[in-house]
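The values are calculated or read from the model by the stated rules, or taken from the named source; none is laboratory data. Small disclaimer: the values here were computed from a predicted structure and weren't measured. Backbone-built Cβ (ideal geometry, glycine too); neighbour counts: all protein chains shown. Note: areas computed on protein heavy atoms with side chains; ligands, DNA, RNA excluded. Shrake-Rupley method; radii C 1.70, N 1.55, O 1.52, S 1.80 Å.
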Amino acid sequence: MRRKLAKAAVVLAGIAAIAGSTAMTAQAADGTPIKVASFEQCLGWGNAMKAQGMIKDYHCDNMNDARQWYLTPVN
């Protein structure tokens, strides 16, 4: 029973990750800033999208009172 639950959790996490990356890709295509968890995540996503040719460049900023990080694609 534990193995089945563990496998189900892994599958659900994979599906959620794919769905999240698809939504982020769609936002990047039109240059909309994308909220990310941290500066490191911003760099990771930005570099990955740039390497795949989805965007020309990007920048990461947290110019708000809540100190939330945003990846802004440059097309």
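Below is a table of values for the structure above.
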quantity	calculated
Filtered residue count, the range 32-52, keeping only those that are part of a helix (DSSP H, G or I), of a type in the set (A, V, I, L, M, F, W, C), open to solvent by less than 40 Å² (accessible area, probe 1.4 Å) and touching a Cys at 6+ places or on another chain (Cβ under 7 Å)	1
Output for the range 41-75, where each listed residue is in contact with a Lys or Arg (Cβ under 7 Å, 6 or more places away or on another chain), of a type outside the set (Phe, Trp, Tyr) and closer than 14 Å to GLY31 by Cβ	ASP57, VAL74, ASN75
Filter pass, ALA28 being open to solvent by less than 40 Å² (accessible area, probe 1.4 Å), in a helix (DSSP H, G or I) and modelled with pLDDT under 90	yes
